[in-house]
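Asks: So that we are looking at the same thing, I have put the structure below in structure tokens.
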Amino acid sequence: MPPVYALDASDPDKWNEEVRDRAFSILDAHLKGEPSPVAPLPVEESKREERKAFRCSTCSKVLIGERQWVAHTKSRVHQKLKAKQRKKDRKGDPEEKTQIEK
């Protein structure tokens, strides 16, 4: 993954100094093979747990990682399908989360 830089564009009066000039200096250094004068953002190492795959039986979807699973279960589409399923089944079974082994 290439380095990612944070440039503060919140003040339009300082845009040239804070964004344009810094971006040009980063590009110039890269083209010359020199280190960047602006430090890149730290890279988060992917966690092993995030590689786990989960299957949502309600939506028939496979999701990679706990974060995607949580976001999916909170989504409007999932909530509507779950409510529809509950209405149909009249059971109100708990959420089914199945980890897929690799």
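The values are calculated or read from the model by the stated rules, or taken from the named source; none is laboratory data. If you're wondering where the values come from, they're calculated on a predicted model, not measured in any experiment. Backbone-built Cβ (ideal geometry, glycine too); neighbour counts: all protein chains shown. When the accessible area is computed, the model is the full protein with side chains, heavy atoms only, and any ligands, DNA or RNA have been set aside. Shrake-Rupley method; radii C 1.70, N 1.55, O 1.52, S 1.80 Å.
Asks: What number goes with the only condition from (1) at pLDDT 95 or above; (2) surrounded by 11 or more Cβ atoms within 10 Å (Cβ to Cβ) that Glu66 does not pass?
Replies: So Glu66 meets the others, but not (1).
Asks: Looking at Glu34, is it among the acidic types (Asp, Glu), outside any helix (DSSP H, G or I), at pLDDT 90 or above and exposed (fewer than 11 other Cβ atoms within 10 Å of the Cβ)?
Replies: Numbers: among the acidic types (Asp, Glu): yes; outside any helix (DSSP H, G or I): yes; at pLDDT 90 or above: yes; exposed (fewer than 11 other Cβ atoms within 10 Å of the Cβ): yes.
Yes: the conditions hold for Glu34.
Asks: Check whether at least one residue in segment 40-54 is outside any loop (DSSP other than H, G, I, E, B), modelled with pLDDT of 85 or more and surrounded by 10 or more Cβ atoms within 10 Å (Cβ to Cβ), and report yes or no.
Replies: The answer is yes; a qualifying residue exists.
Asks: Next question, about the same structure. Checking the condition open to solvent by less than 60 Å² (accessible area, probe 1.4 Å), among the small types (Gly, Ala, Ser), over 15 Å from the mean Cα position of the chain (by Cα) and on the phi < 0 side of the Ramachandran plot, which residue from Ser10, Ser25 passes?
Replies: Testing whether each residue is open to solvent by less than 60 Å² (accessible area, probe 1.4 Å), among the small types (Gly, Ala, Ser), over 15 Å from the mean Cα position of the chain (by Cα) and on the phi < 0 side of the Ramachandran plot leaves just Ser25.
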